[in-house]
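Below is one structure, written out as structure tokens; comments come after it.
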Amino acid sequence: MNDDIAEIAAGAQRVAVLTGAGISAESNVPTFREVQTGLWERFSAQDLATPEAFEANPALVWTWYRWRQSLIQQVEPNPGHTALAQWQQQLRQEGGELSITTQNVDDLHERAGAEVLGHLHGSIFAHRCLDCGDPVELPDPAYDGFEAPPEPEEPPQCATCGGHIRPGVVWFGEMLPMEAFDAATAAIRSADVVVVAGTSGIVQPAASLPLLALERGTPLIEINPEETEISEAMDFCLRGPSGVMLPALVP
Ligand code: BV8
Ligand code: ZN
């Protein structure tokens with residue numbers, strides 16, 4: 001870790017973190033850009049994560065989410081999630097603050113003991129009725145997330161109105177939860193340092209959030225093994241896996 005970065009991290013009292021699918025990669029959760037497998041191998045995640053795809057083929061899209069939910073329930077947080085949770089606890093004890101805003105629909109930050117300011121793209125564990133919007137509690141899916149399920153299953157029907165139950169995620173073309181987006185905006189605007197871990201910086205408007213740091217010259221640190229769409233705006237790029245780089249960054 002270079003001295004400048006170590007000094008910034010050690011001196012920061014207000015840290016704002018944005019994470020993407022890459023932080024869950026070392027927990028064996030495929031990133032969004034990876035090629036799909038099984039029933040969905042001929043689709044890109046981007047094609048499936050849309051209201052149109054659910055409308056056209058509810059069983060295929062519904063099963064994809066329930067199968068991904070099974071996988072997430074079968075894996076564990078990795079050292080990247082744990083490091084952020086630890087840094088958050090450390091700062092809280094010192095009267096400081098570390099906020100985590102994630103694009104991920106998994107619960108690995110929470111299971112690592114961290115408090116999450118917002119899930120910009122919703123949660124795979126939340127379900128609601130497509131028609132009346134009623135939230136719905138469902139039993140856990142019975143798939144093996146490491147084996148693609150044999151047959152797509154139809155989404156259940158809403159007990160209130162009979163509509164299709166849908167995943168509680170934000171699909172392409174859908175608005176982000178404004179409360180989470182506004183909270184992330186405020187956190188980044190008041191931070192001493194902004195850390196962006198595990199995102200390709202492709203999906204908007206989430207990807208542009210860290211760039212708010214440029215307004216005040218707040219140091220921007222990117223953690224990603226690869227170059228991304230937002231690397232050129234970064235002050236520091238830690239080219240490596242977040243499971244290694246985040247534990248090294250925490251003071
Ligand atoms: C909106 C939930 C507006 C679902 C997700 C044209 C037409 C229509 C829309 C658009 C358009 N052009 C732009 C848009 C907007 C669109 C968009 O951005 N499209 C992109 C593809 C160009 N955005 C939207 O539609 C958003 N809504 O704009 O609404 C609006 C306005 C008015 C009225 C109505 C609407 C909604 C976007 C939300 C989509 N939902 N997820 C689901 O999960 O199934 S997005 C999905 O991508 C995931 O949430 C994922 O997190 C997210 C972002 O991807 P990343 O997290 O970055 O993951 P990715 O795989 O890309 O990259 C992984 C990175 O990790 C890589 O860089 C890799 O190098 C790195 N990595 C790998 N291993 C590691 C690692 N890093 C660290 N450590 C490692 N070990
Ligand atoms: Zn309903």
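The values are calculated or read from the model by the stated rules, or taken from the named source; none is laboratory data. The shown structure was predicted, so the numbers you read here are calculated from the model rather than taken from an experiment. When we count neighbours, we look across all protein chains shown, and the Cβ atoms used for this are built from the backbone with ideal geometry, even at glycine. Side chains included, ligands, DNA and RNA excluded: accessible areas come from the protein's heavy atoms. Shrake-Rupley method; radii C 1.70, N 1.55, O 1.52, S 1.80 Å.
Using helices alone, I'd like the mean residue ellipticity at 222 nm for the chain: each DSSP H run of four-plus residues gives -39500 (n - 2.57), total over residue count, nearest 500.
Working: 8 runs with 75 residues, N = 251.
My calculation for the chain gives -8500 deg cm²/dmol from helical runs alone.
How high is the FRET efficiency from Gln13 to Gln73, r the C-beta distance, R0 45 Å, rounded to 0.05? Present the calculation step by step, with values, prior to reporting the outcome.
Working: r = 36 Å, r/R0 = 0.79.
About 0.80, to the nearest 0.05.
Summing Lys, Arg as +1 and Asp, Glu as -1, what charge do residues with Cβ under 14 Å from the Cβ of Pro205 carry, Pro205 excluded?
So the environment of Pro205 carries a net charge of -3.
Once phi is turned into ³J(HN,Hα) by the Karplus curve 6.51 cos²θ - 1.76 cosθ + 1.60 with θ = phi - 60°, what whole-Hz value does each residue of segment 147-163 show in order, with x for glycine and proline?
10, 5, x, x, 10, x, 10, 5, x, x, 9, 5, 5, 7, 10, x, x
What part of the accessible area of the chain, given as a whole %, is carbon or sulfur when the probe is 1.4 angstrom? Please report the intermediate quantities before stating the final value.
Values: 5870 of 11510 Å².
The computed percentage sits at 51.
Would you mind finding the longest exposed-site-free stretch of the chain, with exposed GluC sites (Glu not before Pro) meaning DSSP loop and at most 10 other Cβ atoms within 10 Å? The partial results should precede the final answer.
Numbers: sites that count: Glu41, Glu94, Glu137, Glu226.
Here the longest run is 138-225.
Would you mind counting up the charge near Leu108? Only other residues with Cβ under 14 Å from its Cβ, with Lys and Arg at +1 and Asp and Glu at -1. The partial results should precede the final answer.
Numbers: positive: Arg68, Arg111; negative: Glu26, Glu76, Asp106, Asp107, Glu110, Glu115.
Result for the neighbourhood of Leu108: -4.
I need the calculated FRET efficiency for the pair Cys132 and Asp47, taking r as the beta carbon distance and R₀ as 30 Å, to the nearest 0.05. The partial results should precede the final answer.
Details: r = 27 Å, r/R0 = 0.90.
Efficiency, from the Cβ-Cβ distance: 0.65.
Determine the equivalent ellipsoid of segment 178-251 by diagonalising the alpha-carbon gyration tensor, then write out the semi-axes as square roots of 5 times the eigenvalues, largest first, rounded to whole Å. Please list the in-between numbers first.
Numbers: eigenvalues 76, 40, 28 Å².
Working through the eigenvalues yields semi-axes of 19, 14, 12 Å.
Quick one: in the chain, what % of C-alpha pairs are over 26 Å apart? Write down the numbers at each step before the final one.
Numbers: 12397 of 31375 pairs.
The share of Cα pairs beyond 26 Å in the chain comes to 40 percent.
In Å², what does the accessible area per residue of the chain work out to with a 1.4 Å probe? Write down the numbers at each step before the final one.
Working: 11510 Å² over 251 residues.
Here the residues of the chain average 46 Å² of exposed surface.
Restricting attention to segment 162-212, which chymotrypsin sites (Phe, Trp or Tyr not before Pro) occupy a DSSP loop and are surrounded by at most 16 other Cβ atoms within 10 Å?
Phe172
Given the options Gly217, Leu84, Ile165, identify the residue whose Cα lies farthest towards the positive end of the charge dipole of the chain (+1 on Cβ of Lys, Arg; -1 on Cβ of Asp, Glu).
Value computed over the given set: Gly217.
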